[in-house]
Amino acid sequence: MPFTVSPTVLPEVLLFTPKVFGDDRGFFYESFNRRDFLQSTGLDLDFVQDNHSRSSRGVLRGLHYQIQQPQGKLVRVVQGAVFDVAVDLRRSSPRFGMWAGYTLDAESKSMAYIPPGFAHGFLVLSDQAEFLYKTTDYYAPAHERSLLWNDPTVAIVWPALDTAPVLAAKDQAAARLSEAEVFA
């Protein structure tokens, strides 16, 4: 296997540590191999869109999800570091409203898979971070929703910052879990 797989506190949210081959010229690793992903996770996914964002320290993007056309996401950081978070929004799940948080950074080249039915977001810990993610469905702005990043019911323990996080207007106006549209 070109990577090892570890579950988080939410067993459906998976962390991947790739096998990196390095020498004095640099490094090489497979960031995704569909056959190996299927063999190690049992998930045969069809990724249809790749996204790339760049953000500065203290930017918090999320917690986003699509209520229709839900997206699975395979995420990684190619510059800098982020605290990445997934929240289970499946009402039928015994872990409904629970969250998993972990650091993704360019140095470790670690990745995470967040399945459909989960909200996702990240907080930038480095001066800059470049974040890449593959999605299993297309972006559908009419179906995009945001869960409030600091909802006391969810109680995410974000890393300490010197200032308040920098949020988009839609994330400032996000719904609390008790008011959010969620999955069955």
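Coordinate-derived values only; no laboratory data. Just so it is clear, the model here is predicted, and its values are computed rather than measured. Backbone-built Cβ (ideal geometry, glycine too); neighbour counts: all protein chains shown.
Some notes on this structure:
- Simple label model, 7 Å out from Cα along Cβ direction - Asp23 to Ala184, nm: 5.5
- Rg/Rh, computed from the Cα trace of the chain with Rh as the Kirkwood radius, has the value 0.95.
- The alpha-carbon atoms of the stretch 6-107, seen along their principal axes, cover 50, 37, 26 angstrom, with the largest extent given first.
- Ordered by the count of other Cβ atoms within 10 Å of each Cβ, fewest first, Met111, Met98 give Met98, Met111.
- Fully extending the segment from Met98 to Thr153, taken as 0.36 nm per residue of separation minus the present Cα-Cα distance, adds 18.9 nm.
- Relative to the 2.2 N^0.38 Å rule of thumb, the stretch 78-161 has a C-alpha radius of gyration ratio of 1.14.
- Size of charge dipole - the stretch 107-184 - debye, nearest 20, with Cβ of Lys, Arg +1 and Asp, Glu -1, no other charges: 160
- Just checking the listed ones, Tyr102, Tyr29, Tyr113: in the Gaussian network model of the chain with Cα springs under 10 Å, the one fluctuating most is Tyr29.
- Note on the stretch 1-126: dipole from Cβ charges, positive end direction compared against Gly117, Val48, Phe21; the farthest Cα belongs to Gly117.
- Placing +1 on the Cβ of every Lys and Arg and -1 on the Cβ of every Asp and Glu, with no other charges, gives the stretch 46-172 a dipole of roughly 260 debye about its Cα centre.
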